[in-house]
Amino acid sequence: MKEVSKFNGERQAGSDAIQYWLYKLDDNTEKWKEFYQEGIIGLPFDDLGDLKKFKSSLDLRDKYPDRPRYEKEAGAYWDFYRRVREGDVVVVRGKRSVILGYGFVTSEYQYEDRREDYKHIRKVNWIRKGEWEVKERRMHWSLINITTNKPFVNEIRDTLGINSNANIPVVLKQFLEQAATNDLTRADYPKEHKGLRLQVSFGKGNQAKVPWIAFTDENNTIQNGIFPIFLYYRHVKKMVLAYGISVPNASLQAWPNTQVRPTIASWFKEHLNETPDRYGNSLVKAVYDTDKPLDFPRMNVDLDSLIREYKDLPDAAILHEASSLYEIEHEDLNLRDELYNEIFLAAKQIEDIVHLLKRKKNLILQGPPGVGKTFVAKRLAHLLTSNKDKRFVETIQFHQSYSYEDFVQGYRPIGAGGFALKNGVFYNFCLRAQEDLENDYVFIIDEINRGNLGKIFGELMMLLEHDKRSEEFAIPLIYAANSAERFYIPANVYMIGTMNTADRSLAMVDFALRRRFAFVTLAPNYSERFIRALRDNALPEDFISNLVRKLAEVNQMIVTDPNLGSGFQIGHAYFTALEQPLVPAYRSIIDNEIKPLLQEYWFDNTAKLTRAIEILES
């Protein structure tokens, strides 16, 4: 290994969330020398002009359909413009398995027309330059986000000596100063410390009663796990360093020797004769008086001690792998572009729907069968939560027998005989969200209009409104033990329902509930996106064009029928999975899915039914 050291750097408090980007330069040594000397990194394709004129990566790609390389690199260029952040780590890869250096991004995207080439640039504080061998990784794009590929990131950090430790005394000072204000932002905090994820919370929408700083490993989360945590009880001017235990879900892992450590609840009772607002089941490591000068170096030493205990615990990875409670999918591709590609809607339309959901908090996707309502609902949930972590999304389906007791709360039979009060699925979902206000949660109700909505939602009808999502509007439920026991839907809970407009057996949505939801109609989409999906399945061009023509003709028959209309059209989702062998696959869809639908539509019009089937089978 040969190396030239420019200067050493360390991430301090005030840095943004750390992301790791791998930049492919191959054997262009002259360009690497230029980048290092000028303190920049750049991308070619100068004739694209300033990327700020593009609204999305799809917009960038679709404007140049005749340039395959532009289409292939659209996601990388969009990442370079919009998703790379100041403070991120960029790692330069040469040929195959050789790393040439790394640095920290120090500027926003710039388009410098004065440059001869590589006019798309960002400034970089290069830290090290040399040649290091790492495990070979194929790169199909000029730039990829490798943050979620933990083994590869750890290999690079260990090989290049990248320091990810936060300056804890500075972090604590900054945290306490901000906790004295109404500022809830968390961007100006490091995201890692000693190999652990560093998370800060001051509340979301409303100020949290107990702000905190937590440190979690890959096997534990704030909602389900154990972790070192600083908890700031403002009203009693105490900062507690605790052996954190998740609320409300039980952890798969446990702190050892819990009997020799007081819980926060017992410490508060003994020393203050009070009850802590939250997190009373966590265990006390140390308590600091915030109304006196704090010894921040001492607090850092205490934290280091607790982190060592944390890392010495038996590995819980096997327990978590076996657990089906939370299944987290890690994606190496850019999540947003991936989801946009999966949804058969224009990028602007998707953005408008997400904005509408954020504003209204309740949304219903309605449309004919086969337009992918449930599919789209789940992708919208992932877009809103900015990840594919299934902890933040719950999906249920309403039916005629679904009740308030299933959804909210009620008495249910127990094994020993008799009845016990049980919380419903939505009640428990809201409790999880209340304990994790820094993250968004999405509750999906499939076939929402199949249930008796007034009966299912009950008094929650008022709490659903977007401007009543706080503890201020909490109300007692009908099964509450007393009037002091109150419930509210937090501001970080969003609801998406789906509704089939072709089901004649379903009643219209109650008006009182309807005004609390925004409605979006999804229509069949046989546009270029649909055609591209079939091409990706290696289907012949003549078949694709004929299929689009046939479906357009049959849907026109449906739309112009006075007894049907646009809400009864045949959706594109029936055909997106078509693949070879083509003939039996197509016949199966027509015979087993489309024909029964058309027979229901035209049960009293044999001529139209016969004609529609003839078109599809021609």
Scan 184, 196, 172, 176 and give me the residue that is aliphatic (A, V, I, L, M), at pLDDT 80 or above and under 30 Å from residue 24 (Cα atoms). 196
Where the second residue is assigned to a strand (DSSP E or B) and open to solvent by 40 Å² or more (accessible area, probe 1.4 Å) and the first is in contact (Cβ under 8 Å) with a residue 12 or more places away in the chain and lies in the range 376-396, which pairs have Cβ atoms under 9 Å and are six or more apart or on separate chains? 377/395; 378/395; 381/395; 387/328; 388/328; 389/328; 390/328; 391/328
(1) at pLDDT 90 or above; (2) assigned to a loop (DSSP other than H, G, I, E, B); (3) open to solvent by 40 Å² or more (accessible area, probe 1.4 Å): which one isn't true of residue 285, the others all being true? (2)
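For (1) surrounded by fewer than 19 Cβ atoms within 10 Å (Cβ to Cβ); (2) in a loop (DSSP other than H, G, I, E, B), each residue gets a yes or a no:
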| position | (1), (2) |
| --- | --- |
| 340 | no, no |
| 344 | no, yes |
| 349 | yes, no |
| 352 | yes, no |
| 381 | no, no |
Tally, over the range 559-618, of residues that are out of contact with any helix residue (DSSP H, G or I) (no Cβ under 8 Å at 6 or more places or on another chain), aliphatic (A, V, I, L, M) and either in a helix (DSSP H, G or I) or at pLDDT 90 or above (or both): 4
Return yes or no: is residue 467 among the charged types (D, E, K, R), out of contact with any helix residue (DSSP H, G or I) (no Cβ under 7 Å at 6 or more places or on another chain) and part of a loop (DSSP other than H, G, I, E, B)? no
Unmet requirement for residue 141, which otherwise passes all of (1) under 26 Å from the mean Cα position of the chain (by Cα); (2) open to solvent by less than 40 Å² (accessible area, probe 1.4 Å): (2)
Among the residues of the range 66-78, is there at least one that is at pLDDT 85 or above and part of a loop (DSSP other than H, G, I, E, B)? no
Does at least one position in the range 504-515 carry a residue that is more than 32 Å from the chain's Cα centre (by Cα), under 29 Å from residue 354 (Cα atoms) and either surrounded by 13 or more Cβ atoms within 10 Å (Cβ to Cβ) or modelled with pLDDT of 85 or more (or both)? yes
What is the number of the single condition among (1) open to solvent by less than 10 Å² (accessible area, probe 1.4 Å); (2) hydrophobic (A, V, I, L, M, F, W, C); (3) at pLDDT below 90; (4) within 30 Å of residue 599 (Cα to Cα) that residue 523 does not meet? (1)
Quick check on residue 244: is it over 28 Å from residue 272 (Cβ atoms) and either surrounded by fewer than 16 Cβ atoms within 10 Å (Cβ to Cβ) or more than 23 Å from the chain's Cα centre (by Cα) (or both)? no
Out of the residues in the range 438-464 meeting the condition of being in a loop (DSSP other than H, G, I, E, B) and under 25 Å from residue 376 (Cα atoms), tell me which one is most open to solvent (accessible area, probe 1.4 Å). 452
Return yes when residue 597 is over 20 Å from residue 530 (Cα atoms) and either in contact with a Cys (Cβ under 7 Å, 6 or more places away or on another chain) or in contact (Cβ under 8 Å) with a residue 40 or more places away in the chain (or both) and no when it is not. yes
Scan the range 461-479 and report the pairs whose first residue is of a type in the set (Lys, Arg) and whose second residue is surrounded by 14 or more Cβ atoms within 10 Å (Cβ to Cβ) and part of a strand (DSSP E or B), with Cβ atoms within less than 9 Å and a gap of 6+ or a chain change. 469/493
Six or more apart or on different chains, Cβ under 6 Å: which pairs go from a residue in the range 209-221 that's under 15 Å from residue 193 (Cα atoms) to one that's at pLDDT below 90 and of a type in the set (S, T, N, Q)? Could you list them? 214/199
Members of the range 447-460 found to be more than 27 Å from the chain's Cα centre (by Cα) and hydrophobic (A, V, I, L, M, F, W, C), listed by number: 453, 456
Hey, any hits in the range 124-134 for a residue that's of a type in the set (A, V, I, L, M) and in a strand (DSSP E or B)? yes
Given (1) in contact (Cβ under 8 Å) with a residue 24 or more places away in the chain; (2) touching a Gly at 6+ places or on another chain (Cβ under 9 Å), index of the condition residue 559 fails: (1)
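The values are calculated or read from the model by the stated rules, or taken from the named source; none is laboratory data. All of these numbers come straight from a predicted model, not from anything done at the bench. In this analysis, Cβ positions are derived from the backbone assuming ideal geometry, glycine residues included, and neighbour counts consider all displayed protein chains. Note: accessible area is taken over every heavy atom of the protein model, side chains too, but ligands, DNA and RNA are not part of it. Shrake-Rupley method; radii C 1.70, N 1.55, O 1.52, S 1.80 Å.
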